[in-house]
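Only the coordinates and a few stated rules stand behind these numbers; no lab work does. None of the values given here were measured: they were computed from a predicted structure. Ideal geometry is used to build each Cβ from the backbone, glycine not excepted, and the neighbour counts take in all protein chains shown.
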Amino acid sequence: GFGNSMAPFLRTGETIFIQPFNRKNRIRTGDIVAITDRTKKKIIVHRVISRKKGIVELKGDNCRKKDGWFPEARIIGIAVQKQKASAKLVKFTRWKNIIIAFASKTAILNYFILPFGRALKKQFMGR
């Protein structure tokens, strides 16, 4: 299981499918990656919001702070699709990933889009 750090794009109860990472895979801004933490006791699944040669900057979509820079060598895999609780499979698309990464990196996602979406949901769905 996982927490809410990637909500609403990944939610509790959904299953993500991870493609093992090797040097042939190209990590791109917007990709959701699985990476080990420094102690190698925990796996973090967050979005790449920036990259440089051999390192990536990560951030959870629902987090206000960036995780920081990590060496690509710590990446174990790239999320390629998710299975919703309803059993529907959803592939991660390149352009959607790029747009979400930009919105997350610039804080537009956390300060405007997500709060606006929550307010609409509360207003119209009573939740």
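Net charge of the neighbourhood of Val48, taken over other residues with C-beta under 9 Å away and scored Lys/Arg +1, Asp/Glu -1, is +2.
Which entry in (i) 2, 11, 20, 23, 22, 13, 6, 3, 1, 0; (ii) 2, 9, 15, 17, 18, 16, 13, 6, 3, 1, 0; (iii) 2, 10, 18, 20, 18, 13, 8, 5, 3, 2, 1, 0 is this structure's computed P(r) over Cα pairs in 5 Å bins from 0, in percent? Looking at P(r) over Cα pairs in 5 Å bins from 0, in percent for this model, the match is (i). For the pair segment 100-127 / segment 1-56, the C-alpha centres are spaced 21 Å from each other.
Residues whose amide H lies under 5 Å from that of Ile55, counting only those 5 or more places away or on a different chain, are Glu72; hydrogens are built 1.01 Å from N in the peptide plane. For segment 77-94, 3J(HN,Hα) computed residue by residue from phi via the Karplus equation (6.51, -1.76, 1.60; θ = phi - 60°) reads x, 10, 6, 10, 6, 10, 10, 6, 4, 7, 6, 6, 8, 10, 7, 7, 9, 4 Hz, glycine and proline entered as x. Amide H to amide H distances under 5 Å link Ile78 with Gln19, Phe21, Ala34, where only residues 5 or more positions off or on other chains count and H is placed in the peptide plane. If only the Cβ of Lys and Arg carry +1 and only the Cβ of Asp and Glu carry -1, the dipole of the chain around its Cα centre is close to 100 debye.
Computed 3J(HN,Hα) for segment 109-125, one whole-Hz value per residue from the Karplus formula 6.51 cos²θ - 1.76 cosθ + 1.60 where θ = phi - 60°, is 4, 6, 9, 10, 5, 5, x, 5, x, 5, 5, 4, 4, 5, 5, 9, 10, glycine and proline marked x. Over the residues of the chain, the helix contribution to mean residue ellipticity at 222 nm works out to -6000 deg cm²/dmol, using -39500 (n - 2.57) for each DSSP H run of at least 4. Coupling constants for segment 18-23 follow from the phi torsions by the Karplus curve (6.51 cos²θ - 1.76 cosθ + 1.60, θ = phi - 60°), and in residue order they are 10, 8, x, 8, 9, 4 Hz; glycine and proline get x. When the chain is treated as a GNM with alpha-carbon contacts under 10 Å, the residue of Lys88, Lys105, Lys41 showing the greatest mean-square fluctuation is Lys41. Placing a pseudo-label 7 Å from each Cα along the Cα-to-Cβ vector at Ser86 and Ile55 gives an inter-label distance of 4.2 nm. For segment 15-62, the dipole from Cβ point charges (+1 on Lys and Arg, -1 on Asp and Glu) about the Cα centre works out to 300 debye, to the nearest 20.
A Gaussian network model of the chain, with springs between Cα atoms under 10 Å, assigns the largest mean-square fluctuation among Arg47, Arg64, Arg23 to Arg23.
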